[in-house]
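Below is one structure, written out as structure tokens; the observations come after it.
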Amino acid sequence: MPSENEILNALKEVKYPGYSRDIVSFGIVKDVAVANGAVSVSIHLTSANAEVAQQIKDECQSTLKAIEGIRVAHVQIQQPEGQDAPAGGQAPGQAQGATRVPGIAKVIAVASGKGGVGKSTVSANLACALAKRGARVGLLDCDIYGPSIPLMMGVNERPSVTEGDEKLVPLENHGIKLMSMGFLLQDDQPVIWRGPMIMRTIQQFISQVLWGELDYLLVDLPPGTGDAQISLCQTVPLDGGVIVTTPQEASLGVVRKGIEMFKKVNVPILGIVENMSYFTAPGGERVEIFGYGGGQDEAGRQGVPFLGEIPIFTEIRKGGDDGVPVVAGEPESAPSQVFLQIATQLQEILG
Ligand SMILES: Nc1ncnc2c1ncn2[C@@H]1O[C@H](COP(=O)(O)OP(=O)(O)O)[C@@H](O)[C@H]1O
Ligand SMILES: [Mg+2]
């Protein structure tokens with residue numbers, strides 16, 4: 001694995017366009033990070049010239065990829081806005097700073113206040129439900145600290161990289177195209193990604209993965225509504241956000257934080273899903289472990305759609321553990337019907 005110094009040395013080959021001096025000695029190369037065969041660098045230009053930026057980016061990328069041990073290279077150029085910079089102005093309902101991906105109609109984030117409320121379970125089953133309804137669906141696992149989509153979707157392989165343009169080929173199972181940080185990390189390797197590197201890798205997951213034509217790309221965000229999640233929402237070109245909550249969390253105002261997060265980044269809130277709403281005891285009695293109706297009440301108070309409530313079903317947990325989401329394995333079952341209804345509502349809201 002090359003060190004950050006070796007990366008910098010390699011980048012001394014890249015000349016600033018029109019100069020004999022290299023970009024490293026110009027002092028514009030910042031934030032070099034390298035981990036697990038992936039490298040990312042950030043380059044700060046003082047010129048707003050788009051051609052200069054593109055040329056530096058292309059040359060850096062080919063130089064980095066030529067280094068032994070590097071599989072993925074990401075170069076981010078920061079530039080002041082000027083007449084040569086891309087026109088400003090934000091399309092309504094689109095996250096600031098993120099560029100749309102051609103071929104993907106709608107990118108939808110799934111968020112939660114904390115871990116363990118079933119965000120990944122909902123993402124995986126909603127993806128399967130949308131596919132069952134005839135949509136072309138991708139699922140992007142952005143939970144770098146606990147990527148659980150590989151396990152839940154029953155795939156864990158290294159994605160291949162195409163010759164030539166070196167794009168990552170998403171894996172596929174249950175009719176869903178999948179990409180996860182879990183595919184790129186080795187099991188025994190600690191996660192050592194630094195903030196800026198995470199953002200750039202996620203950006204790559206969006207722009208350098210061969211998603212093909214998709215009706216929906218679901219994004220499983222890391223749990224929480226803090227700065228890291230906000231930056232992720234700005235990195236990914238989101239069309240809308242779904243918040244997953246338990247009834248208990250909802251009544252604690254956690255949902256409000258999720259709503260605030262999406263508002264901050266100008267992403268429309270598609271609705272709230274209440275998970276683990278209740279379970280049906282063997283005698284048929286409805287047991288509301290976490291209280292009841294918190295999600296619906298909070299949605300009403302905040303003026304956002306309520307997408308539905310998902311009871312606790314053994315089949316849901318088992319499906320997740322077995323790598324066959326219940327919607328894929330038992331589409332006719334009661335839990336699957338709940339996810340299918342939520343998917344239908346979501347499609348109606350998205351138009
Ligand atoms: N409605 C449900 N019924 C039964 N088990 C569930 C349900 N929702 C989630 N689970 C289980 O709860 C655990 C946590 O869910 P997970 O989706 O991993 O949460 P998160 O992504 O929010 O951390 C998993 O074992 C999952 O199978
Ligand atoms: Mg999860």
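Please treat every number below as a calculation from the coordinates, not as lab data. Small disclaimer: the values here were computed from a predicted structure and weren't measured. Methodologically, a virtual Cβ is constructed for each residue, glycine included, from the backbone with ideal geometry; neighbour enumeration extends over all protein chains shown.
Just a few scattered comments:
- A simple charge model with +1 on the Cβ of Lys and Arg, -1 on the Cβ of Asp and Glu and nothing else charged puts the dipole of region 245-316 at about 400 debye relative to its Cα centre.
- Theoretical gain in end-to-end length, Gln54 to Leu210 [0.36 nm per residue, Cα-Cα removed]: 54.0 nm
- For region 253-293, the residues whose amide N sits under 15 Å from a probe point set 7 Å from the Cα of Gln341 along the beta carbon direction are 272-280, 293.
- Ranking of Lys119, Lys167, Lys12 by neighbouring Cβ atoms within 10 Å, starting from the fewest: Lys12, Lys167, Lys119.
- Considering only alpha-carbon pairs that sit under 8 angstrom and 6 or more positions apart, the relative contact order computed for region 4-78 is 32 percent.
- 3J(HN,Hα) from dihedral phi, region 300-308, Karplus parametrisation 6.51/-1.76/1.60, rounded to Hz, x for glycine, proline: x, 4, 8, x, 10, x, 9, 8, x
- Inter-label distance, nm, simple model (7 Å from Cα along the C-beta direction), Asp22/Glu4: 1.8 nm
- Dipole magnitude of the chain, debye to nearest 20 (Cβ charges: Lys/Arg +1, Asp/Glu -1, about Cα centre): 540 debye
- Note: relative contact order over the chain, using C-alpha pairs below 8 Å and six or more positions apart, is 18 percent.
- Sorted by Cβ density within 10 Å, fewest first, the residues Met181, Met153: Met181, Met153
- Computed over the chain with a Gaussian network model linking Cα atoms closer than 10 Å, the most mobile of Gly295, Gly115, Gly258 is Gly115.
- With the convex hull of the Cα atoms taken as the outline of the chain, the averaged projected area works out to 18.3 nm².
- Region 211-235 residues near the modelled Val101 label - backbone nitrogen below 17 Å, point 7 Å along Cα→Cβ: 211-222, 232-235
- The GNM of the chain, with springs linking C-alpha atoms under 10 angstrom apart, assigns the highest mean-square fluctuation among Asn49, Asn275, Asn173 to Asn49.
- Label-point separation, Asp321 to Leu350 (7 Å along Cα→Cβ), nm: 3.1 nm
- Rounded to the nearest 20, the Cβ-based charge dipole of region 4-78 about its Cα centre (Lys and Arg +1, Asp and Glu -1) stands at 80 debye.
- Entries in Lys12/Lys57; Lys30/Lys65; Lys132/Lys263; Lys257/Lys318; Lys106/Lys257 that, when Cα-Cα distance is taken, lie over 20 Å: Lys132/Lys263; Lys257/Lys318; Lys106/Lys257
- Take the Cα of Tyr145, step 7 Å toward its Cβ, do the same at Glu68, and the gap between the two points is 3.7 nm.
- Each of the peptides 230-242, 309-321 was scored by the mean count of other Cβ atoms within 10 Å over its residues; in descending order, highest first, they stand as 230-242, 309-321.
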